[in-house]
1. Within the range 68-77, does at least one residue satisfy the condition of being surrounded by fewer than 21 Cβ atoms within 10 Å (Cβ to Cβ) and not in a helix (DSSP H, G or I)?
2. Please work out which residue is surrounded by the fewest Cβ atoms within 10 Å (Cβ to Cβ), limiting yourself to the range 42-67 and to residues that are closer than 21 Å to Pro154 by Cα and acidic (Asp, Glu).
3. Among the candidates Val19, Val106, single out the residue that is part of a loop (DSSP other than H, G, I, E, B), under 22 Å from Trp199 (Cβ atoms) and in contact (Cβ under 8 Å) with a residue 60 or more places away in the chain.
4. When you go through Leu152, Leu216 one by one, which is the residue that is surrounded by fewer than 15 Cβ atoms within 10 Å (Cβ to Cβ), touching a residue at least 12 places away in the same chain (Cβ under 8 Å) and aliphatic (A, V, I, L, M)?
5. Quick check on Ala141: is it of a type outside the set (S, T, N, Q), surrounded by 18 or more Cβ atoms within 10 Å (Cβ to Cβ) and touching a residue at least 60 places away in the same chain (Cβ under 8 Å)?
6. Filter the range 1-13 down to the residues that are at pLDDT 95 or above and over 11 Å from the mean Cα position of the chain (by Cα), then identify the one that is surrounded by the most Cβ atoms within 10 Å (Cβ to Cβ).
Amino acid sequence: MIDVLTFDLDDTFWENYPVMARTEPGHYEWLDRQIGHAATFPLEEYQQRRLEFAKRHPVRRGDFTWVRRETLREMLIEFGLPTDEAARWASEAIEHMLELRHDIIVFEEVPAMLVTLSGQYRLGAITNGNVDLRRLDIGKAFDVIINAGEFLAPKPDARAFLSALARMGHTPPSRAMHVGDSWQEDVLPAYRLGMKVAWIDAKNEHHSCPEGIYRLTHIRELPALLERIDHAN
């Protein structure tokens, strides 16, 4: 029997590539219009410096918003801005980035599906990304929301899953299912804890699925899977 469903967000409830294709250049171009820094530090330089910054700060490497802000702040100081101005412009650019990051079109089946599921299960969200689900209409369906990078335990770290289950009545893993698209970050850690897993294999990776891992091609197939599992029990 399943009492709790936990969900990944990016590429589970929406396609993330077009979101990031707008967000990544969009906030950087916005900043360049304000201070004209991009001729000295093109976008590719900013992206490379983020990777290097994350390596220097492994504990917070999964806190993507912080990594972006601090990388940008350091770069703007090098560009020649006073420290306080660099911090202000970095923060404003990241706020613009987050606005673009939340310009999301969820798959059309998702809102109604979550309303129905929230009446049958407790729902949790576990994401490594920096989407704040509370800023989206679908966020109202969730009992627990964990941004695992800010939690300093990005998936596949088991602590994010265990924290979600603890916050939803200390549910044992055997009575929970995790739903996500990443074999490494969603499927394996949840399965190793003893959770059932609905794997959204949108990329046709076709890993071999042992009992307890159910391969789907789209989130729309989840209600039918849950019905089959319920009837089998």
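1. Looking through the range 68-77, none of the residues is surrounded by fewer than 21 Cβ atoms within 10 Å (Cβ to Cβ) and not in a helix (DSSP H, G or I).
2. Glu52
3. Val106
4. Leu152 is the lone residue from the list that is surrounded by fewer than 15 Cβ atoms within 10 Å (Cβ to Cβ), touching a residue at least 12 places away in the same chain (Cβ under 8 Å) and aliphatic (A, V, I, L, M).
5. Values: of a type outside the set (S, T, N, Q): yes; surrounded by 18 or more Cβ atoms within 10 Å (Cβ to Cβ): yes; touching a residue at least 60 places away in the same chain (Cβ under 8 Å): no.
In short, no.
6. That would be Thr6.
This table checks each residue for (1) in the same structural domain as Glu227 (by TED's automatic domain parsing); (2) over 28 Å from Arg68 (Cα atoms); (3) more than 14 Å from the chain's Cα centre (by Cα); (4) among the acidic types (Asp, Glu).
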{"site": "Tyr121", "(1), (2), (3), (4)": "yes, yes, yes, no"}
{"site": "Phe161", "(1), (2), (3), (4)": "yes, no, no, no"}
{"site": "Asp181", "(1), (2), (3), (4)": "yes, no, no, yes"}
{"site": "Arg192", "(1), (2), (3), (4)": "yes, yes, yes, no"}
{"site": "Ile200", "(1), (2), (3), (4)": "yes, yes, yes, no"}
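The values are calculated or read from the model by the stated rules, or taken from the named source; none is laboratory data. Just so it is clear, the structure is predicted and the values come from calculations on it, not from any experiment. Using ideal geometry, Cβ is built from the backbone for each residue, glycine included, and neighbour counts are taken over all protein chains shown.
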